[in-house]
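First the structure, in the form of structure tokens, and then the observations on it.
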Amino acid sequence: MSASEITETRQYLTFKLGKEIFATDVAKVREVLDFTTITEIPRTPDFMSGVINLRGSVVPVVDMRLCLEMSKTERTTNTCIVVLEVLLDNEPTVIGALADSVEEVIDLEPDQIRQAPRIGTQIQTDFLKGMGKRDDQFIMILDIDRVFSADEIRTVRNPEAGRLAVEAAA
């Protein structure tokens, strides 16, 4: 869905990565957790922080900053895990995403959202639904299903590797 396809007011969860504010549709957010112990899994991509035990379920956790080719997330008192449901091959997949902080849930009207800028073929912005504007601040609205490539998600979705890592840490 692009910015031109947004025809009604929607709610977005806003969060910070570095100095920038990003947002995702609240319908994709399951919950927000305080930072907790993350069990690292060997031989996974750099963006893969590890897994957490969420009420008996193994949930992979990714570093959103690394997914967006920013610097690695440094843990602070505000660092949190946004638990999201993304689609891979039309199958729901639950993933935790590290964020520097969660800001708030906001309503954005369609006229507050513009197309993501297209800057030639070298810079990819297909992971953005659009750019929201609130007061004098831009908010990058993520198409969370496109933030990860299919190959990256498949790596994250390997439930056997995650289950073994959680059992080994217990």
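Listing Phe138, Phe127, Phe15 from fewest to most neighbouring C-beta atoms within 10 Å gives Phe138, Phe127, Phe15.
Partner lysines whose Cα lies under 23 Å from the Cα of Lys72, excluding those fewer than 8 positions away in the same chain, are identified as Lys16, Lys19. An oblate overall shape is assigned to the range 19-71, the ratio a/c of its alpha-carbon gyration tensor axes (a ≥ b ≥ c) being 1.5 or greater and a/b not exceeding b/c. Remark: the range 61-77, residue by residue, has Karplus-estimated 3J(HN,Hα) of 10, 10, 8, 4, 5, 5, 4, 9, 6, 9, 6, 4, 5, 9, 5, 10, 5 Hz, where x stands for each Gly or Pro and the curve is 6.51 cos²θ - 1.76 cosθ + 1.60 at θ = phi - 60°. Put simply, the amide H of Phe35, placed in the peptide plane, has neighbours under 5 Å in Ile81, leaving out anything fewer than 5 places away on its chain. Summarising the amide proton neighbourhood of Arg30: residues at separation of 5 or more, or on other chains, whose placed amide H is nearer than 5 Å comprise Val83, Leu84, Glu85.
Rounded to the nearest 20, the Cβ-based charge dipole of the range 1-118 about its Cα centre (Lys and Arg +1, Asp and Glu -1) stands at 360 debye.
No lab work stands behind these numbers, since they all come straight from the coordinates. Computed from a prediction, not measured in an experiment: that's the story for all the values here. Note that each Cβ is placed from the backbone with ideal geometry, even for glycine, and that neighbours are counted across all protein chains shown.
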